[in-house]
Amino acid sequence: MNFVLHRTAHTALLAASFLAIAACTTLTDTPPADPQKMIDERVAVMKSYIGALSASTQYTQDKATAAAAKAKVAAARNGVAAARSLFPRGTALGDRGVARSRALSTIFANRADFDAKFDALAANFAALDAALAKNAKADATAALASTKKACLVCHDKYRAPED
């Protein structure tokens, strides 16, 4: 009899834990109080990607050192990890409180795909970083092309064109 009561209590505790986790997940999917501030933060992060790609291009063209490019790529890699959290619901083009954004609301309907694209971007930046660490120009050139492609694939699907 004690076993049955213990098992029931364990099952109830497990169910309560799952409900608590679900509630937390729902709460984090609420729009931020100041969506434009969050959008401005993610734009700044995305600009670090541009800086990394530009510095890496300079390296592949013998106009900069691998170390200079690597520093920018390191900042961009940190930005990839941070940027994922800067795309909550309520921060897309047309949402309340959003003055400027090119993010499309399709991000939220396809979140798994969007996150997978961030994973691919992170992997590409890691490959670029590794190539720069080895001062391997051919590897850096290939990794740079893959990283640019990873950016464009996401932009093509989840970002509105410039006005």
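Coordinate-derived values only; no laboratory data. All values derive from a computational prediction rather than experimental measurement. Here the Cβ is made from the backbone with ideal geometry for all residues, glycine too, and neighbour counts use every protein chain on show.
The table for this structure:
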| read-out | value |
| --- | --- |
| Coil-residue trypsin sites (Lys or Arg not before Pro) of region 46-112, DSSP, other Cβ within 10 Å capped at 16 | Lys63, Arg89, Arg96, Arg100, Arg102 |
| Modelled FRET efficiency - R0 35 Å, Lys157 with Ser54, Cβ distances, 0.05 increments | 0.90 |
| Computed over region 32-158, the ratio Rg/Rh where both radii use C-alpha atoms and Rh is Kirkwood | 1.02 |
| Amide proton proximity set for Ala103, modelled H, under 5 Å, gap of 5+ | Leu93, Ala160 |
| Residues Ala67 and Asp40, FRET efficiency given R0 of 25 Å [Cβ-Cβ distance, rounded to 0.05] | 0.25 |
| Under 14 Å, Cβ to Cβ, from Thr106 - net charge with Lys/Arg +1 and Asp/Glu -1 | +2 |
| Relative contact order computed over region 50-163 (Cα-Cα under 8 Å; 6+ residues apart), in percent | 30 percent |
